[in-house]
Every structure is written in structure tokens, then in C-alpha cells.
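What follows is calculated from the coordinates using simple rules that are stated; it is not laboratory data. It should be emphasised that the depicted structure is a prediction, and the values quoted were computed from it without experimental measurement. Please note: Cβ atoms are built from the backbone with ideal geometry, for glycine as well, and neighbour counts cover all protein chains shown.
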Amino acid sequence: MTAYTKKGYPDSMIVLGSTGSVGTQALDVAKALGINVEMISAGRDILTLEKQIRELHPRFCAVADEASARTLAAKVADTDTKVLSGSDGICEGIYNSKSTVAVNATLGEAGLFPTLAVIESGKRLALANKESLVIAGDIVNRAAKEHNTEIIPVDSEHSAIFQSLRGSKSREIKKILLTASGGPFYGYSREELRSVTREMTLAHPTWKMGKKITTDSATMMNKGFEVIEAYHLFGVKPSQIEVVVHRESILHSAVEYIDNAVIAQLGAPDMRLCIQYAVTYPDRVMGCVRPLDLFEVGRLTFAPPDTEEFPLLALAYKALELGGAVPAVLNAANEVAVDAFLNEKLDFYRISEVVSETVNEMSYAKEYTALDDIIASDREARRIAGSKIF
Ligand code: MG
């Protein structure tokens with residue numbers, strides 16, 4: 001880790017998944033802190049990428065496939081940005097970048113190889129792609145240890161836990177209190193959940209996020225993934241991670257210590273604070289986030305989660321206990337089900353059914369720990385989940 005300037009944070013960075021919700025906020029942070037953006041990447045949103053290239057002049061820009069790369073390269077032929085494509089292209093850009101930190105805000109399973117490339121190239125990984133850890137947490141952690149690189153969480157809850165853990169010893173931790181907003185359907189009965197629509201699902205009460213994660217938040221699958229993410233990031237047992245419903249999204253998570261002291265991080269619900277902290281850590285600097293007004297907040301509430309009506313949270317604990325490739329199966333089945341839901345091919349209440357059935361049918365995947373087997377399980381889970389959608 002070199003090339004940190006005297007202001008305490010790097011002068012250049014990489015933003016993967018730069019057209020998404022966290023990605024665009026990462027670019028905001030870079031602008032606010034005066035950090036040069038050396039590389040960006042995204043799937044196929046050529047229009048936004050062209051704008052970003054013209055504004056930020058990155059050295060590299062990677063897209064999902066060759067056809068998109070050709071289209072984009074033609075559009076930005078007058079710039080110095082090199083357009084790359086596919087998994088190999090994104091990794092090539094990462095390896096050839098001089099930046100010491102990369103924000104990975106790629107959507108879904110596609111974020112895994114970039115995560116590994118960032119780690120293997122010795123850069124700090126500011127991780128917003130929780131799927132990397134859900135799918136292959138053990139492999140990612142092993143790589144980080146081997147290459148002596150840091151993984152700093154960007155997910156708001158995990159950033160809060162990370163901050164609440166500063167200066168502590170692992171034997172002092174009693175449990176992690178992982179807060180959940182509960183999503184738009186908190187308190188709904190099973191009957192009511194049968195008639196919710198796409199529009200209702202995409203109206204999240206406190207956080208402004210992309211469609212996939214907003215849907216995951218409504219089913220509480222997102223919180224399930226975050227339990228798995230916390231397990232891999234903080235080295236605690238699954239039983240030491242407790243989900244707490246906190247509707248206001250002001251207390252972003254906490255750690256309870258063995259002396260029963262609880263240390264939490266609070267702040268306005270704004271991902272830019274988490275992104276900024278992951279980039280500037282261990283320093284804190286002034287940035288673009290508004291202060292928290294406790295008087296305006298008034299009061300904070302806490303309640304246990306309802307795993308009867310939202311079974312995907314309990315399923316995530318089960319997948320974590322089974323281990324191996326089962327969490328990858330959970331993620332893959334969910335990606336397929338949510339995609340079908342967002343394209344109006346699947347009702348909301350059927351998401352949890354498709355995911356649960358797929359995980360149950362593939363519980364044998366607990367035996368698989370090698371990366372190739374995990375990827376094969378992911379593909380098989382997509383096929384099985386897809387066969388349940390009609
Ligand atoms: Mg979160």
C-alpha cells in the first residue's frame with residue numbers, strides 16, 4: 001500500500017459498476033475528495049459510460065461484452081480511454097491500473113472475478129458487491145490473506161460494524177447487531193404479501209437504491225445476504241449475528257461486547273459516507289454527507305424480524321450452516337427469481353418459493369468448496385430456478 005498522499009487518502013481510484021446506484025455515488029465521493037478516477041466499468045449502459053468517460057477521463061473502461069465494447073469504443077474514439085470487454089478485460093484493466101483502492105459496486109455474481117482481481121493485484125478492496133462474499137467468502141478471504149490486502153466493507157451495515165469494531169479484540173465480541181429497515185412490507189401478513197405489486201416493492205421507505213437490491217430488501221433476502229457477508233467479514237459464528245428491525249435507518253448496526261457495552265454507528269442514510277470511509281480509512285475527512293440531526297430524528301425504534309412472513313432471512317442462516325456452494329445456490333436462484341419478478345413474469349410472493357425450493361433441491365452443493373464447483377452450482381441453480389418460472 002503506497003501512493004497515499006499527505007492528505008491521507010489515495011489520489012486515484014477504480015470504480016467498478018460505475019453506472020449503478022452505489023457506483024455513481026462513488027464517483028460523487030471521488031469528485032468531492034478530488035480523487036482521480038483511473039478506471040470505470042459497467043454492464044451495457046453505454047450512454048452513461050460515454051458521459052462518465054467524457055467527464056472523468058479514465059484510463060480504462062470495461063463493459064460486459066464485445067458488442068457493447070465496440071459500440072462504446074466508436075463513440076469515444078476521440079478520447080484517450082481504452083475500452084475493454086468481458087471478465088478478462090475488466091481484470092486486465094484492474095491489473096494495469098496504478099490505483100491503490102478499488103470500489104467494487106458491480107451488480108450480482110458478475111462481481112466475483114473483479115473482487116478476486118482487485119485482491120490479487122494488491123489493491124484495497126472497498127466492497128459493495130456483497131455477492132462476492134455470499135458466493136465465495138472463504139475463497140475471497142483466503143486470497144486477501146495470501147496477497148495481504150484489505151477488504152473494507154461499503155455496505156452501510158457492515159461499514160457501521162467495521163467502525164464499531166475499531167480498537168477491539170475478537171475475543172471481546174459477544175454479538176453483532178445487524179439492523180434492517182424491514183423494507184416496504186414490514187408488518188404485512190402472508191395474505192397481504194400475495195397482492196403486492198412491482199411498484200409497491202420498488203418504493204423503499206428510507207434508502208434510495210437500485211431495483212435488484214430494493215426488491216431483495218422487500219423480501220429480506222438482502223438482510224440474509226448481509227448475515228452471510230458479516231460472517232465472512234468479521235469472523236464470528238452465525239449464531240453471533242442478530243438481525244434487528246430498525247425502521248428509521250439511522251443506527252446502521254452495532255456490536256455488543258462481552259461486558260454488555262453496545263457500540264454503534266449512526267448517521268444520515270447516505271451511502272456516500274460508507275464509500276468515503278472505505279476509501280479514506282483509517283482517516284476520517286470532511287466530505288459531501290450532511291450531518292445527522294438527532295432532534296429531527298426524534299426517536300429510534302427496534303423490533304425482532306418476522307421470519308415466518310419473510311422466510312428468506314431464515315433460509316440464509318440455513319445456507320450458511322450448510323456451507324460449501326449452498327450460499328451461491330441461494331444467490332443464483334434469487335437473481336433469477338428477482339429478474340423474473342422485475343420483468344413481471346413472477347409474483348412477489350413466489351420469489352421466496354422459487355428460491356427455497358431451489359436451495360432444498362440442491363442441498364448436496366454443501367460438499368462443493370472449489371471455485372469451479374461453486375460456479376457450476378451457480379449455473380445449475382439458475383437452470384433449476386428458471387424451470388420454476390412460467
Ligand atoms: Mg445494506
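Worth pointing out:
- The value for the stretch 12-154 of Rg(Cα) / (2.2 N^0.38 Å) is 0.96.
- Note on K366: lysines with a C-alpha under 18 Å away, same-chain residues under 8 apart excluded, are K237, K318.
- Cβ-to-Cβ counts within 10 Å put K175, K345 in ascending order as K345, K175, the fewest first.
- Taking 7 Å steps out from each Cα toward its Cβ at E242 and R190 produces label points 2.7 nm apart.
- Cα Rg, Dmax (largest Cα-Cα span) when computed across the stretch 308-390, Å: 12.0, 35
- Separation between Cα centres of the stretch 230-299 and the stretch 7-51, rounded to whole Å: 23
- Arranged from fewest to most other beta-carbon atoms within 10 Å of their beta carbon, V196, V15, V29 become V196, V29, V15.
- Extending 7 Å from Cα along the Cβ direction at K145 and again at A268 yields two label points whose distance is 4.1 nm.
- The overall shape of the chain is rounded: from the C-alpha gyration tensor, with semi-axes ordered a ≥ b ≥ c, the ratio a/c is less than 1.5.
- Percent RCO, i.e. relative contact order, over the chain, from Cα pairs under 8 Å lying at least 6 residues apart: 15
- Eligible aspartates and glutamates near K130 by straight Cα distance, threshold 16 Å, same-chain separation 8 or greater: E109, D138, E150, D155, E157, D216, E226, E229, E335, D378
- Using Cβ point charges alone (K and R +1, D and E -1), the dipole size of the stretch 12-154 about the Cα centre works out to roughly 260 debye.
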